[in-house]
1. Tell me the residue from PRO173, PRO169 that is surrounded by 23 or more Cβ atoms within 10 Å (Cβ to Cβ) and either under 24 Å from PRO371 (Cβ atoms) or modelled with pLDDT of 95 or more (or both), please.
2. Can you tell me how many residues within the range 544-560 are in contact (Cβ under 8 Å) with a residue 12 or more places away in the chain, more than 11 Å from the ligand (Cβ to nearest atom) and in a loop (DSSP other than H, G, I, E, B)?
3. Does LYS573 qualify as being surrounded by fewer than 21 Cβ atoms within 10 Å (Cβ to Cβ), away from the ligand (no atom under 16 Å from the Cβ), under 27 Å from the mean Cα position of the chain (by Cα) and farther than 21 Å from GLU369 by Cβ?
4. Quick one: would you say SER440 is in contact (Cβ under 8 Å) with a residue 12 or more places away in the chain, among the polar types (S, T, N, Q) and within 16 Å of the ligand (Cβ to nearest atom)?
5. Within the range 94-115, take every residue that is of a type in the set (Lys, Arg) and not in a loop (DSSP other than H, G, I, E, B) and give me the one that is surrounded by the fewest Cβ atoms within 10 Å (Cβ to Cβ).
6. For the range 498-518, indicate whether the set of residues that are aliphatic (A, V, I, L, M), surrounded by 15 or more Cβ atoms within 10 Å (Cβ to Cβ) and in contact with a strand residue (DSSP E or B) (Cβ under 8 Å, 6 or more places away or on another chain) is non-empty.
7. Considering only the range 294-309, I want to know if a residue exists there that is of a type in the set (S, T, N, Q), in a loop (DSSP other than H, G, I, E, B) and modelled with pLDDT of 95 or more.
8. List pairs: first residue in the range 328-348 and closer than 13 Å to ALA313 by Cα, second residue charged (D, E, K, R) and more than 16 Å from the ligand (Cβ to nearest atom) anywhere in the structure, Cβ distance under 7 angstrom, at least six positions apart or on different chains.
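The values are calculated or read from the model by the stated rules, or taken from the named source; none is laboratory data. Here the structure is a predicted model, which means the values were calculated and not measured. As a convention, Cβ positions derive from the backbone with ideal geometry for all residues, glycine included, and neighbour counts pool all protein chains shown.
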Amino acid sequence: MDGIHTFDFWAFYREKLILNSVMADYSRKKESLNGTWHYGIDQYDTCLRNRWWTEVECDENGRALPLDYSFDEWETTEIPSCWNLKSEKLFLYEGGMVFTRKFPYEKHSEDERVFIKFGGINYKAAVFVNRTFLGMHEGGSTPFFIEATDVLKAEDNRIIVAVNNTRHPANVPMDNTDWFNYGGIYRDVELVRLPGSFIKRFQVGVVPGSDFREIFFKVEIDGKMSGTATLTIPELQFTVVIDIENGCGEHIFSPPTIDSLELWSPDAPKLYDVEVSFEGDKLTDRVGFREIRVEGREILLNGKKIFLKGVCAHEESVENGKAVSQEEIRENYALAKEMNCNFMRLAHYPHCEYAAKIADEVGMLLWEEIPVYWAIEFDNPTTYKNAENQLTELITRDINRASVIIWSIGNENPDTDERLKFMGSLADKARELDGTRPVSAACLVDSEALVLTDRLIEKIDIIGMNEYYGWYDPDFSKLPRVFENSNPEKPVIISEFGADCKGGFMNKQGDRNEMFSEEFQLRLYEKQIETLFAIDYIKGISPWIFFDFRCPRRLHHLQNYYNIKGLLSPDKKYKKLAFFAMQKFYEKLLITSM
Ligand code: GCU
């Protein structure tokens, strides 16, 4: 029959796709919208198709209409959370979910602007307040701010968030990954009040190559386009006023007290209070001043060579899934320090904002990454725009985090022309947004020629290298041959190696060849350590992975839907033998963090 259209209802919502709305909000007064929300399992996205959010409940003659929803009679759940852990019924659910609650609002000032901040929703979300569609966000691990100023009223403001975590080949990541696809509003939801003109973002740091004698300050204003902004660093008894034109201003300066500047490092994570003001608006942050750069095959932190003694980690806990708590983040860093780490690769997507904030405090260097993972649709312009936006939101969010030393634009991507163009553009974008940190990616080895070669290497500053010799390729003798055949001109981080191992599964005869046993994993680690330690252009190691994690692709009876390459059990309570091998190796390493 003609006239029947395949109505792509999402197209209507994509008209208001929110791109890089991230703002500096470290010290903003925020009112939490966390807590009890009603939710409906909306498998067919009917809320969006039939526009439940308009809440049209009567016809033009006032006659009641039959409704397929009853928002305030639905079951409730606590936000932030992953719906997968709410019930057996929802554990493997992938699809649409509608969340709603009401909240009061009292205007505090005439020119006040109000934004709703979502720390992270997996995977995409359309947001409505008081029957008005405010916008849609795509990307499961970066924050977004949505303005609600003009639609709020004194009482009973209804917010509706239609979420969908269905995997799709054109998404970032695509529909096939090696981790669990959690769904939900799994990070904080907050109301942020701002003056009519406000400080949207700022960056402050050591000018690279200035011998730590110069500090730069950049600021972006929303609202009034001109005036002056002030930066104060009280502990340095320093204040500077800069001009704002077209909503921006930047300046390089050298405080008279610059000689007393204490540089940030993992061993001495010194943070300074930094105050930025514009007109009546004032923001503070806690910033570590340090320099990270690459020189030849060396990685230099504050001008000194450093070896990154690391480990990879997903954002997950048994209890909370991807909605990890600050306590769980602190526990991870404490365990990493117990293993003598100074570095963590936050795989394979932006972890929550507290990951970097807490790393700043406790002293942990971080590799942060966007989920351009495996073979995404490199020839799809919409996919590129999505990846670029996630990179932009990550960098904007963590630009002032001293702990973040590497932006990674992806993991294990096939070396094709389309991928080179796609990821080369991402590398350029990262440098455009932040010229103070090296760019990397986890590349693959040419397993035929046994050489570290990838055309992306020319576009990145530090070469991440994933290799699984001794596990996926049982012939361990290939690894030293790869290094003999390779001659990189940049520092290499072994961004992954490892083997599955069921914690507690000991081979009775001590046979180190029994796969999945702790002895097997230990032997592989010992051989990897011995080989890697001898390669002078390796400047960092981050074994895969710190703790076992949920993974729908892992169905061996010892895996039981977990990837068990962890050095720790999923609950991080059990340390496998290989944990102690890494602990001893890192303890002995001569070049430690400065
Ligand atoms: C890959 C990939 C990881 C994956 C790991 C594994 O290298 O980067 O995401 O979990 O190997 O196979 O365990």
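1. On the way: PRO169 fails: surrounded by 23 or more Cβ atoms within 10 Å (Cβ to Cβ).
Only one candidate qualifies: PRO173.
2. Here the count works out to 4.
3. Values: surrounded by fewer than 21 Cβ atoms within 10 Å (Cβ to Cβ): yes; away from the ligand (no atom under 16 Å from the Cβ): yes; under 27 Å from the mean Cα position of the chain (by Cα): yes; farther than 21 Å from GLU369 by Cβ: yes.
Taking the combined requirement at face value, the residue satisfies it.
4. yes
5. To start, the set of residues in the range 94-115 that are of a type in the set (Lys, Arg) comprises 101-102, 107, 113.
Add one more test, that the residue is not in a loop (DSSP other than H, G, I, E, B), and what stays is 101-102, 113.
Working: ARG101: 21, LYS102: 14, ARG113: 18.
Per the stated criteria, the residue is LYS102.
6. no
7. At the first step, the residues of the range 294-309 found to be of a type in the set (S, T, N, Q) are 302.
Keeping just the survivors that are in a loop (DSSP other than H, G, I, E, B) gives 302.
If we keep only those that are modelled with pLDDT of 95 or more too, we end up with 302.
The answer is yes; a qualifying residue exists.
8. GLU331/LYS572; LEU335/LYS572; CYS341/LYS309; PHE343/LYS309
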